[in-house]
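Here is the structure we will look at, set down as C-alpha cells.
Please treat every number below as a calculation from the coordinates, not as lab data. A quick note: this is a predicted structure, and the numbers were derived from the prediction, not measured. Reconstructed Cβ throughout: ideal geometry from the backbone, glycine too, with neighbour counts over all protein chains shown.
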Amino acid sequence: MTTAGLESAVALELSRMGLAPLEPGRGFVCVDASALEGARIVLAIRSASRVILELASGLPAHADGLLGALCGLPWEDTLPMRTPWAVRAIGKSAELRHTGFAERLVKDGIRDRFRARGRECPPVDPAEPRVIVDLRIDKKGVAVGIDLGGGSLHERGTHRKIQAPIREHVAAGLAWLAGVRPDQPLVDPFCGSGTLIAEAAAVALAIPAGRKAERTTLPRLALFRKLPLGELAADLQAKKAGPHAPFLAFDSQESALRSARMSLSRMGLAAEIEVRCQGIDRFHADGLDGPGLIISNPPWGIRLDKSEAREAWRTMGTVARTLGGWRLALLSGNPAVTQGLGLKATRRFPVLVGGIDARLLTYAIHERRRETPKS
C-alpha cells in the first residue's frame, strides 16, 4: 500500500527487485511473491507505506456475506496463539460505511472461526497489537490480509525532531517518479530537514530501507518463521553506496540543516550528500558534471507568507533558465505560487500529500541556442 498517486513508483521499485507487479489500484499495487520475496519486500521497500499479505479478496461488501466469508478463512493457521491482534479497516461501501463497524465484523468473524474449531482465539488488543489484520473495502468488494510490517513503513529510524513536510515513503515515491540516477548530479535547493534529498539519493544508489526483521510482524507468522530473516536483513543493511555524481542539498535556514545533517548521518548518507547553507539565488552548476536533476519541495505559501513562496518559485525559474539540459522535479500544492516559475511542465503527477491534492511537476530545461555571427 502507498499514498494515492505513487502506485507507479511502487511498481517501479518492485520491478527493480525482480518482481512482476500486477495492475495497480488506488493506493495499492499487487504482486505475486514467494514467502522469501515477500519478506524482502517488507525489509527493503522505500516507497510503500504498508505491505499486506492478502488472504482473500472479492469478499462481499455487506455485513451478512462478509461475516460468513470471514468465518470460512483458516485464521487458526494464520494468527499465532496468545499473540495480541487488532483490525485496521480502510474504505467503505454502500453498507459498510463506517470502519469501526467493519472492524467489529472482522473480529466477530475471526472469533466465530476459532469457536467453531474448538480453539481459543488469541486476545484482541487495539492498543498494542503484535499482529494487524488489514481490511480494505472498495467498489470491487472486500480484501483481507495481514500487515507484514506491523504498521507504517515510512519511518527510517532517524529520530527526526523537526516534522518533515512529507513522509519518507512519499519522498521515495517522488524520487522514483522523477527518475533519479546515480550518474547524474542531484540537487535539492529547498532541502529543509533533508527528507526528500535523502530518499532521492537512496533510490538513486539502490540502497534498500534495511529494516530490522524483529520490528516487523514477519517472525511471528508461521509462513516466515523458518526463513533466514536475520541474515536477509543484515545483507540489506550492509548495502553501501557506489560511485555517483555529486549530490547537493542546501537551504537558507541553518536550523533545518542541523536536522538534515543529523538525519543523513543516521541513514549513512552524510558522506554522499554535500549540505550547504545558502539560498537558491546563489546556486550555479559549475563543477557538478551536469546536466543533472533538481528535485525539491519549494514552499507552497501555506506555512510561509504567499509572497515569499511566489518569490522562491520565481527565483527558482530564473536560476533554472541558466541550466540548459537539466531537469526539474518540483512538488507543488498551490498552483497560485507555482505560476511564478514561468516554465511549462512536461508531466504532472497527482499525489496526495498531507491531505492536499498536490502535483509533482517535471520540467526539461532546453539548451540555449547560440546565435551564429553574421559575416
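Summary of computed values
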| quantity | calculated |
| --- | --- |
| Simple label model, 7 Å out from Cα along Cβ direction - A20 to R261, nm | 5.0 nm |
| Spin-label model distance (nm) - T346 vs A364, 7 Å beyond Cα toward Cβ | 0.4 nm |
| Kirkwood Rh (inverse of mean 1/r, distinct Cα pairs), region 186-260, angstrom | 14.7 Å |
| C-alpha long axis of helix 306-320 to longest principal axis of the chain, angle in ° | 70 degrees |
| Hydrodynamic radius of region 7-147 per Kirkwood, over alpha carbon pairs, in Å | 15.9 Å |
| Antiparallel DSSP beta bridges within the chain, percent to nearest 5 | 55 percent |
| Mean-position separation - Cα centroids, region 50-113 and region 251-285, in angstrom | 45 Å |
| Overall dimensions of region 68-201 as given by Cα atoms, namely Rg and Dmax in Å | 20.1, 63 |
| Straight-distance crosslink candidates among lysines, where the alpha carbon sits under 18 Å from K107 and sequence neighbours closer than 8 are dropped | K92 |
| Packing-based order for 195-202, 57-64, using average beta carbon neighbours within 10 Å, highest first | 195-202, 57-64 |
| H154, H244, H169, H98 arranged by Cβ crowding within 10 Å, fewest neighbours leading | H98, H244, H154, H169 |
| Hits among aspartates and glutamates - C-alpha to C-alpha of K139 under 14 Å, sequence gap 8 or more where chains match | E95 |
| For region 221-375, radius of gyration divided by Kirkwood radius, i.e. Rg to Rh on alpha-carbons | 1.08 |
| Ordering of 183-189, 28-34, 330-336 by burial proxy (mean other Cβ atoms within 10 Å per residue, highest first) | 183-189, 330-336, 28-34 |
| Crossing angle, helix 254-266 versus the chain [Cα axis fit, 0-90 degrees, rounded to tens] | 50 degrees |
| Crossing angle, helix 7-16 versus the chain [Cα axis fit, 0-90 degrees, rounded to tens] | 90 degrees |
| Rounded to 5, percent antiparallel among DSSP beta bridges of region 7-147 | 60 percent |
| Hull volume in cubic angstrom per residue (convex hull over the Cα atoms of the chain) | 159 Å³ |
| FRET efficiency, E120 to D235 (Cβ-Cβ, R0 35 Å, nearest 0.05) | 0.40 |
| For the chain, calculated [θ]222 nm from helices alone, where every DSSP H run of n ≥ 4 adds -39500 (n - 2.57) | -9000 deg cm²/dmol |
| Ranked T216, T315, criterion: other C-beta atoms within 10 Å, fewest first | T315, T216 |
| Neighbour cut-off at most 15 other Cβ (10 Å), DSSP loop, trypsin sites (Lys or Arg not before Pro), region 1-63 | R26 |
| Of the trypsin sites (Lys or Arg not before Pro) in region 77-185, those whose Cβ has at most 10 other Cβ within 10 Å and which sit in DSSP loop | R82, R97, K139, K161 |
